[in-house]
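So the structure is just underneath, and the comments pick up after that.
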Amino acid sequence: MITAEEKLKERIKELTCLYEVTSIIVNCDYDQVEDALKGILHCLQKAWLFSDAAQVKLISDQYTIVTPDFPYDPVSLESNVMVFNKKVGEIHVAYPRPKYSEDDFLKEEEKLLSNVCLEVGNLLERKQIKDNEIIIKRKMERADRLGILGEITAGIAHELNTPLANILGFAELLKTRITQDTQASKDVDKIINSAIFSREVVKKLMFFACEMPQQMSLVNIGPIIANAVNLMEPSFKKKKIVHKLNLSAEPILLRVDTIQLTQVIFNLVLNAIYFSR
């Protein structure tokens, strides 16, 4: 049984604890939450009737913080930490057995612990909101960068189309004027093949830049897959990878945008090439 004077001292300790906890949370930066939680546990230790013996433990889905002398077999008071109405952890205030028992905890201490857990939950809620804002901001920045990259890629593709068409056209015209199978004819063939290859590279750039509007139609996807894999032939050769494409003899009909399907095949093949040894 404690005296009226001792009760008053305990109320002062509890109010001081709540004030200190609130101050810690108000001045907490979101990258220093763990330090703030350690400070809150220290405040709780000082607020208990037998503060010299009290030990505190916080266990949550993100943090585990325990004061150094937390007893192995404690008698404890505990309360849940809630974030968005979901339990994410709990705080325990404990005394060592057998010197102390449940009777050594005060009713007011139980209420104090509930209030502190409420404040801790509010802190973790705000941190989670802040973390989500940062993630969303990074995703938006990445989307902006990808959008700019797409515009640049589309611009490059458009700029290359005209000169490539001229090279290919004049090379084919020159080919018709060379009647004999000479070295010049072979050199023109090399120019034509290189121009065709470059045109396919530009086509890939257009695919990745999503320059062409979506056009959904029912198509046989076999030839589309074969064509996409054929376009990746230089990448296979560069990595010295042998590949084999097995497709059903029967048509495989699917309602798709052929360009976007080609993008998907490109991505799958590029990933396979990247992770091949």
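The values are calculated or read from the model by the stated rules, or taken from the named source; none is laboratory data. Remember, it's a predicted structure, so these values are computed and weren't measured experimentally. All Cβ positions, glycine included, derive from the backbone under ideal geometry; neighbour counts span all protein chains shown. With ligands, DNA and RNA removed, areas are computed over all heavy atoms of the protein, side chains included. Shrake-Rupley method; radii C 1.70, N 1.55, O 1.52, S 1.80 Å.
Across segment 97-103, computed HN-Hα scalar couplings (Karplus, 6.51 cos²θ - 1.76 cosθ + 1.60, θ = phi - 60°) run 7, x, 5, 10, 9, 4, 5 Hz from first to last residue, x flagging Gly and Pro. Roll a 1.4 angstrom probe over the protein heavy atoms and tell me the percent of accessible area of the chain that is carbon or sulfur. On the chain, the fraction of accessible area on carbon and sulfur atoms equals 56 percent. When the alpha carbon gyration tensor of segment 214-277 is reduced to an equivalent ellipsoid, the three semi-axes, largest first, read 24, 13, 8 Å. Packing, as the average of other Cβ atoms within 10 Å across residues, places the peptides 9-18, 88-97 in the order 88-97, 9-18, highest first.
Rounded to the nearest Hz, the phi-derived 3J(HN,Hα) couplings of segment 29-46 under the Karplus curve 6.51 cos²θ - 1.76 cosθ + 1.60 (θ = phi - 60°) are 7, 6, 8, 10, 5, 4, 5, 4, 5, 4, x, 5, 5, 5, 4, 4, 3, 6, where x marks glycine and proline.
Per-peptide packing, taken as the mean over residues of other Cβ atoms within 10 Å, places 181-192, 160-171 in the sequence 160-171, 181-192 from highest down. Kirkwood's formula applied to the C-alpha pairs of segment 41-188 gives a hydrodynamic radius of 21.5 angstrom. Largest GNM mean-square fluctuation across 72, 100, 63, computed for the chain with C-alpha springs under 10 Å, falls on 72. Average accessible surface for segment 68-140: 65 Å² per residue, computed with a 1.4 Å probe over protein heavy atoms with every protein chain in place.
Panel note: the C-alpha atoms of segment 1-110, placed on their principal axes, show extents of 43, 30, 27 Å (largest first).
Kindly flag which residue pairs out of 38/139; 7/46; 13/86; 46/130 have an alpha-carbon separation exceeding 27 Å in this structure. Violating the 27 Å limit, Cα to Cα: 38/139; 13/86; 46/130. In terms of Cα atoms, the Rg and Dmax of segment 142-192 work out to 17.7, 56 Å. Straight-line cross-link partners of residue 175 among the lysines, defined as a Cα under 26 Å from its Cα and at least 8 positions apart when in the same chain: 186, 190, 203. Sparsely packed loop sites in segment 99-135 (the trypsin sites (Lys or Arg not before Pro) outside DSSP H, G, I, E and B with at most 13 other Cβ atoms within 10 Å) comprise 99. The alpha-carbon positions of the chain define a convex hull whose volume is 244 Å³ per residue.
A Gaussian network model of the chain, with springs between Cα atoms under 10 Å, assigns the largest mean-square fluctuation among 108, 151, 250 to 250.
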